Structure formats: structure tokens, C-alpha cells
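Since the structure comes first, as C-alpha cells, the remarks are kept for the end.
The values are calculated or read from the model by the stated rules, or taken from the named source; none is laboratory data. Here the structure is a predicted model, which is why all the values come from computation and not from measurement. Cβ atoms come from the backbone with ideal geometry, glycine included; neighbour counts cover every protein chain shown. SASA here: full protein model, heavy atoms, side chains in, ligands and nucleic acids out. Shrake-Rupley method; radii C 1.70, N 1.55, O 1.52, S 1.80 Å.
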Amino acid sequence: MSGADDAPAEAIARDFVARAGLEVQHVDRISAAIRDARTVAGDDREVFVIVAADGAVIAPLVLAVAETRLSQAEHAGLLWSDALLLPPTPYVVETSYLGTGFSVTMLERRQQRDLATRRWLFFGEDRTVIVSLGPVVPYGMAFAQIPVEAMLESARVDGFIAADARDYVDQLDAAAARFGEGWVA
């Protein structure tokens, strides 16, 4: 990125730090996160930077819309990684407008660091909404996923009509559940 692109990121970070009452030392990390986020932004996706109230955790959030229904193999590619340290933790998600979705939290080893990522898939009649939070330090996921879950509850995507995907979501959940995770009632 050019120097001109760096200046607005730093200005945004300085403004955010001042309004949030954070220490000035967070400006560099936040502006770097903004610059990184800009590199993956595009016409089919929006990118945000989630910052903890104390500035200790910074996590990227990407919301993408695939203009087609993705295949099961494509779903698997989004919900799995070869770098996983543990099996993914599955969640069935109910939202007001995106419908029933499926989410996994993954703990991965990348460049000698352990990082957490959470991904959501929402299945439309002719589109798929993909949301990715992270990578972020594992303890940061506990913080970062709370506002994202709240946002997704009432999120709308222009032209997206939720499909009745409950049976498929239940299949994904059953496939991702680890033996012994469920409690017998």
C-alpha cells in the first residue's frame, strides 16, 4: 500500500483512540489492522476491525456474499483447516433475517502462533452469506464474538432470502459434534 493509504488509516486509528479513551500506544496496532483489512475488502465483502474496550484485542471481521449457493465441498473448506489443533466447535445459529446458520470456532497453529477463528455460514435461496471473525489470539475470541453474534442476530443483506436449511444445518452440526459432547437428558 502507498503512503497515502497509510495516512487515513492512522488518522482513523488516532480518532478512534481519542474517542474511546485508549492509550496512544494502540494507534499503531489499530492502524495496522485497518491497513490489513483494506487489503481484503472488495465489492463482494465488507471488512471491519473489532477493538476491545481496553485495546488489548483487535480482530478482523469479514462479511462476504457469494452470489451462488456454495457446494458441500466449499462449505467444508470454509468450516475446516488442516492447521487445526482441536476439532472445530460447532454452533447452530438462529437469526431474524439471515435464517438458520451454522458456525464453527477453530483453534489453529499459524507461523508458530495459536490463533482462533470463528466462521458462520447462512444459506439463501440463491446466495450464501459467509462471516469470518479472526484470526485473533484465543482469549480474544471470547470478547470479539459477543458483538458479532449480536450484530448477526439482526443483520440484513440486500437481496438475500433465507432458505429453509434447518435439516442441512443439523447434518453439519451432527458431523462436527465430537463423541461425548452431548449430555443425555
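In the context of the full protein assembly, LEU84 retains an accessible surface of approximately 30 Å², using a probe radius of 1.4 Å and ignoring ligands and nucleic acids. Per residue, the convex hull spanned by the alpha carbons of the stretch 95-185 comes to 139 Å³.
Site-free segments of the chain were taken between trypsin sites (Lys or Arg not before Pro) in DSSP loops having at most 12 other Cβ atoms within 10 Å, sites themselves excluded; the longest one is 1-155. Shown is the FRET efficiency for ALA83 and ASP170, computed with R0 = 30 Å from the Cβ-Cβ distance and rounded to the nearest 0.05: 0.65.
Remark on the stretch 46-130: hydrodynamic radius 14.3 angstrom, per the Kirkwood mean of 1/r across alpha carbon pairs. Per residue, the stretch 34-185 exposes 56 Å² of solvent-accessible protein surface, assessed with a 1.4 angstrom probe and all protein chains in place.
Screening the chain for whole DSSP H helices with an alpha carbon extent of at least 20 angstrom along the helix axis and a mean Kyte-Doolittle hydropathy of at least 0.0 yields 138-153. Loop-located GluC sites (Glu not before Pro) in the stretch 53-121 (DSSP state other than H, G, I, E, B) with a sparse environment of at most 14 neighbouring Cβ atoms within 10 Å: GLU67.
Extension gain, GLN111 to ASP44, is 21.3 nm, computed as 0.36 nm per intervening residue step minus the present C-alpha separation. Extents of the stretch 105-155, taken as max minus min of Cα coordinates on every principal axis and listed largest first, are 40, 21, 10 Å.
Summarising the overall dimensions of the stretch 1-105 from its C-alpha atoms, the Rg and Dmax are 17.2, 46 angstrom. Computed over the alpha-carbon pairs of the chain, the distance histogram in 10 Å steps reads 9, 32, 35, 19, 5, 0, 0 percent, short to long.
Calculated FRET efficiency, ALA18 to ALA52, Cβ-Cβ distance, R0 = 22 Å: about 0.85 to the nearest 0.05.
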